[in-house]
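I have a structure I would like to understand better, so I am pasting it below and will then ask my questions one at a time.
The values are calculated or read from the model by the stated rules, or taken from the named source; none is laboratory data. What you are looking at is a predicted structure, and each value in this text was computed from that prediction instead of being measured. Cβ placement follows ideal geometry from the backbone for every residue including glycine, while neighbour counts extend to all protein chains displayed. Quick note on the areas: whole protein, heavy atoms, side chains included, nothing else; ligands and nucleic acids left out. Shrake-Rupley method; radii C 1.70, N 1.55, O 1.52, S 1.80 Å.
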Protein chains: 2
Amino acid sequence: MATIHDVALKAGVSVTTVSRVMNNRGYISERTRSKVFQTMEELNYHPNEIARSLLRKRSNVIGLIIPAVSHPFFAELANHVEYYAYQSGCKVLLCNSQLDPVKEKEYIDMLKRNMVDGIVMGSHTLEVDAYRNLHSPIVTIDRRIDEDIPYISSDNYAGGRLAAELLISKGCRKIAHICGNLTLNLLANNRSMAFRDVMLEHGIENVVIQTDMNVFDHDQYGRIIGKLLREHEDIDGIFATSDIIAAYALKGCTQAGKRVPEDIRIIGYDGIGAVSWFEPEISSIRQPISEIGRLAVELIRKQRDGEPFERENILPVELMERSTT
Amino acid sequence: MATIHDVALKAGVSVTTVSRVMNNRGYISERTRSKVFQTMEELNYHPNEIARSLLRKRSNVIGLIIPAVSHPFFAELANHVEYYAYQSGCKVLLCNSQLDPVKEKEYIDMLKRNMVDGIVMGSHTLEVDAYRNLHSPIVTIDRRIDEDIPYISSDNYAGGRLAAELLISKGCRKIAHICGNLTLNLLANNRSMAFRDVMLEHGIENVVIQTDMNVFDHDQYGRIIGKLLREHEDIDGIFATSDIIAAYALKGCTQAGKRVPEDIRIIGYDGIGAVSWFEPEISSIRQPISEIGRLAVELIRKQRDGEPFERENILPVELMERSTT
DNA sequence: CATTATATGTCAAACGTTTGATATATGTCA
DNA sequence: TGACATATATCAAACGTTTGACATATAATG
């Protein structure tokens with residue numbers, strides 16, 4: 001591959017001049033400029049970004065660490081992060097942690113070695129110190145580490161209330177809530193807080209079921225729903241903490257011969273595109289996934305450039321009422 | 001951040017020695033080795049991969065260009081590519097082309113400037129010359145460019161036959177086939193060839209509908225299915241060229257008051273995880289997505305290392321009969 | 001004792017850029 | 001004329017590694 005030296009030689013100028021032409025700095029005559037550009041064309045020259053990165057001590061890469069991109073929520077998140085990163089001249093390095101602390105740590109180290117501009121953490125399996133000490137711009141999704149590290153989440157509490165209140169307003173009198181592991185320090189747990197609060201306020205009978213939220217084992221959802229419907233035949237509402245769980249709830253209800261929404265109402269959370277693939281379409285609390293992605297990229301950029309930025313970013317959710325409620 | 005010089009200084013050795021310790025080359029006494037490692041610990045030293053990349057003229061990065069990672073098939077593909085890349089010490093740069101030739105070209109150029117080890121092309125919107133001239137290890141998914149560029153695809157023709165024959169064997173007598181744009185030079189079109197051949201062989205009435213296969217506009221599927229069912233009331237089988245289309249077909253049939261599989265049978269293609277979220281679960285032709293990802297990484301690596309490799313990689317498909325057939 | 005193999009370490013160039021310091025014209029304005 | 005802005009170019013250091021060439025010390029061998 002041609003280097004800047006080859007271009008300079010062929011164009012009859014110095015490498016400095018070529019560099020100045022490329023980076024638009026200093027005085028360059030129109031004649032020189034066009035000659036350089038022409039030579040670059042002729043040699044099919046592409047500046048080596050690695051050398052640039054080495055010098056400017058950053059790579060214009062954003063690391064995205066998530067449990068698994070095969071999970072629809074994270075797939076959509078990754079899609080938007082890539083979109084906004086591209087808009088701001090950055091690239092995205094895709095890191096699936098598989099919720100394995102070892103892999104997550106190795107990815108963090110790797111990203112630092114590669115001088116990424118910053119890291120978007122959608123997976124957090126490590127101790128808080130691991131994140132505090134990493135001295136690299138970082139943004140966490142749906143998890144608050146401490147007062148220094150900026151985080152983004154949807155308004156989980158409001159979302160939980162919306163879902164719970166909708167079910168009640170539709171007449172549900174015994175409601176199940178299927179959520180992740182509440183002992184993990186995730187902001188998503190606020191959905192469950194809100195559920196509990198609303199149930200108490202209205203004195204509604206309810207049952208809360210924790211899954212271990214293993215992103216990969218969807219089979220468990222089928223089993224859990226089956227068990228739930230068997231043990232609590234009179235349940236007439238389900239608030240699932242993700243749309244996938246809601247989909248399994250819908251499937252389980254149908255299999256158990258219950259009509260949705262007539263016999264039992266179901267609402268999910270996330271608002272992934274897949275909710276509209278179902279019949280009936282699944283009601284959901286929509287997180288602004290695109291905005292989360294946009295903000296994540298912006299927060300990395302602001303930290304990198306030393307601009308001031310907001311630490312707490314709680315974005316509004318929206319009730320998407322479809323056909324299961 | 002500490003550099004190799006800092007480590008050398010503090011450990012009282014030369015940078016060469018530190019480098020040799022890290023890379024395990026040359027003779028190093030156990031005493032020196034442990035001292036160096038200890039110093040690295042103390043300084044929290046991480047070797048700068050950018051500098052390494054510059055020297056060895058490659059970055060251990062694989063570029064993955066796909067239409068959109070929010071599409072379940074590509075999300076799963078990305079997941080597996082990441083998995084196997086990680087296994088072989090590589091990182092994955094995620095590039096969504098959005099099927100925009102300009103963006104795809106920019107991504108290709110960017111990847112070259114960053115000296116990636118190779119590019120996995122799951123999106124191909126450019127002229128063949130653009131791929132031929134890029135002088136970088138490359139693998140295409142589901143598209144044959146020429147005899148030089150290795151490609152991977154599932155056995156689309158066999159898959160198409162399997163699907164078509166299954167529907168016939170179940171007693172379908174008028175079958176619809178919903179596929180992408182057949183004028184694009186995609187190997188996926190062989191599914192449609194197979195469908196046509198099987199229909200001819202059995203003398204089965206059929207209707208073929210092309211969508212423009214815009215990965216992002218799912219609404220069109222709903223409209224197409226609705227129109228199809230209205231115009232051909234007597235259709236009793238549908239072979240969809242993707243599982244998402246199959247899901248919309250299932251939804252459309254249910255909305256039209258048809259029972260699946262009693263009144264109409266449906267089979268999709270791809271075998272994405274989502275097929276089992278539905279009730280009834282959707283029958284599908286499973287592509288070995290994991291194997292595709294594994295092979296993609298392997299083919300990049302072999303090209304990079306100058307090892308011999310197979311140009312044509314057609315992987316077997318598998319009939320996953322679930323409940324819609 | 002000379003020779004050789006083994007063990008350990010140092011030096012400096014190279015990878016492909018950017019950039020500050022410096023030099024030298026040329027033209028314009030007061 | 002001097003001062004100044006404009007235009008162009010050169011040189012060399014720097015970014016953080018790796019690595020071939022070379023140096024030295026020690027131990028084993030003939």
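Given the convex hull over the Cα atoms of segment B:156-287, what projected area results after averaging over all orientations, in nm²?
Details: hull surface 28.8 nm².
If you wrap the Cα atoms of segment B:156-287 in a convex hull and average its projections, you get 7.2 nm².
Report, for B:D234, each distance to the same residue's label point in the other copies, shortest first and in nm; define the point 7 Å along Cα→Cβ.
Copy-to-copy label distances at B:D234, shortest first: 5.2 nm.
If you put a point 7 Å past Cα along the Cβ direction, how far is that point for A:P308 from the same point in each other copy, in nm, smallest first?
6.7
Also, I was wondering about something else. Could you go through segment A:223-228 in sequence order and give the Karplus-derived ³J(HN,Hα) for each residue, using 6.51 cos²θ - 1.76 cosθ + 1.60 with θ = phi - 60°, rounded to whole Hz, and x for Gly and Pro?
3J(HN,Hα) across segment A:223-228, in whole Hz: 4, 4, 5, x, 4, 4.
Right, here's the next one. Just the projected area, averaged over all directions, of the convex hull on the alpha carbon atoms of segment A:97-145: how many nm²?
Numbers: hull surface 12.2 nm².
Projected area, direction-averaged: 3.1 nm².
Just to be sure I understand the interface: list residues from segment A:246-292 that lose 50 Å² or more of accessible area between the chain on its own and the complete protein assembly, 1.4 Å probe.
A:K251, A:W277, A:F278, A:E279
Across all directions of projection, what mean area in square nanometres is found for the Cα convex hull of segment A:4-47? Intermediate results must be reported in sequence, preceding the final value.
Details: hull surface 10.3 nm².
Across all orientations, segment A:4-47 yields a mean hull projection of 2.6 nm².
Here is a follow-up. Excluding residues fewer than 8 places away in the same chain, name every one of the lysines whose C-alpha is closer than 20 Å to that of B:K103.
Straight-distance partners of B:K103: A:K91, B:K112.
Please give the total accessible area that chains B and A bury against each other, computed with a 1.4 Å probe and expressed in Å² to the nearest 100. Kindly include the intermediate steps, with their values, before the conclusion.
Values: alone 16210 and 16170 Å², together 27630 Å².
Buried area (both sides, nearest 100 Å²): 4800 Å².
Could you tell me which trypsin sites (Lys or Arg not before Pro) in segment B:220-275 are loop residues by DSSP with no more than 10 other beta carbons within 10 angstrom of their beta carbon?
B:R259
Here's a follow-up. Kirkwood hydrodynamic radius (Cα pairs, Å) of chain B? All intermediate terms of the calculation are to be shown ahead of the outcome.
Numbers: mean 1/r = 0.0449 Å⁻¹.
Answer for chain B: a Kirkwood hydrodynamic radius of 22.3 Å.
Which aspartates and glutamates, on any chain, are close to B:K302 with Cα under 20 Å apart, when same-chain ones fewer than 8 places away are left out?
B:E82, B:D117, B:D142, B:D146, B:E147, B:D148, B:E291, B:E310, B:E312
Could you state the accessible area per residue of chain A in Å², with a 1.4 Å probe and every protein chain left in place? Let's see the in-between values first.
Working: 13800 Å² over 325 residues.
Heavy-atom SASA per residue in chain A reads 42 Å².
Given H placed 1.01 Å from N in the peptide plane, which residues other than close sequence neighbours of A:E318 have an amide H under 5 Å from its amide H?
Under 5 Å from the amide H of A:E318: A:R286.
How far, in nm to one decimal, is A:A130 from itself in the other copies if the label point is set 7 angstrom along Cα toward Cβ? Shortest first, please.
4.0
Tell me which residues come under 5 Å, amide H to amide H, from A:S283 once H is placed; ignore anything under 5 positions away on its chain.
Amide H to amide H, under 5 Å and 5 or more residues apart or across chains, A:S283 pairs with A:G268, A:R322, A:S323, A:T324, A:T325.
Out of all Cα-Cα pairs in the protein assembly as shown, roughly what percent, to the nearest whole number, are more than 50 Å apart?
Numbers: 38142 of 210925 pairs.
Value for the protein assembly as shown: 18 percent of Cα pairs lie more than 50 Å apart.
Ordered by packing density, taken as the mean number of other Cβ atoms within 10 Å over each peptide's residues, highest first, how do A:92-98, A:178-184 rank?
Details: A:92-98: 24.7, A:178-184: 16.3.
Those peptides, ordered most packed to least, come out A:92-98, A:178-184.
Moving on. Find the Rg to Rh ratio for segment B:246-321, where Rh is the Kirkwood radius over alpha-carbon pairs and Rg uses the same atoms.
On the Cα set of segment B:246-321, Rg over Rh gives 1.22.
Moving on to the next point. Can you pull out the chymotrypsin sites (Phe, Trp or Tyr not before Pro) in segment B:1-52 that DSSP calls coil and that have at most 16 other Cβ atoms within 10 Å?
Working: sites: B:Y27, B:F37, B:Y45; in loops: B:Y27, B:Y45.
For chymotrypsin sites (Phe, Trp or Tyr not before Pro) across segment B:1-52 that sit outside H, G, I, E and B with at most 16 neighbouring Cβ atoms in 10 Å, the list reads B:Y27.
What is the set of long-range amide H partners of A:S154 at a cut-off below 5 Å, with H atoms built 1.01 Å from backbone N?
A:L315
Show me, for segment A:3-20, the HN-Hα J-couplings you get by feeding each phi into the Karplus relation (A = 6.51, B = -1.76, C = 1.60, θ = phi - 60°), rounded to Hz, glycine and proline as x.
Taking θ as phi minus 60°, the curve returns 10, 4, 5, 4, 4, 4, 4, 5, 7, x, 10, 8, 4, 4, 4, 4, 4, 4 Hz for segment A:3-20.
Which ³J(HN,Hα) values, rounded to whole Hz and listed in residue order, are derived for segment A:117-122 from phi using the Karplus coefficients 6.51, -1.76 and 1.60 in 6.51 cos²θ - 1.76 cosθ + 1.60 with θ = phi - 60°, glycine and proline given as x?
5, x, 10, 9, 9, x
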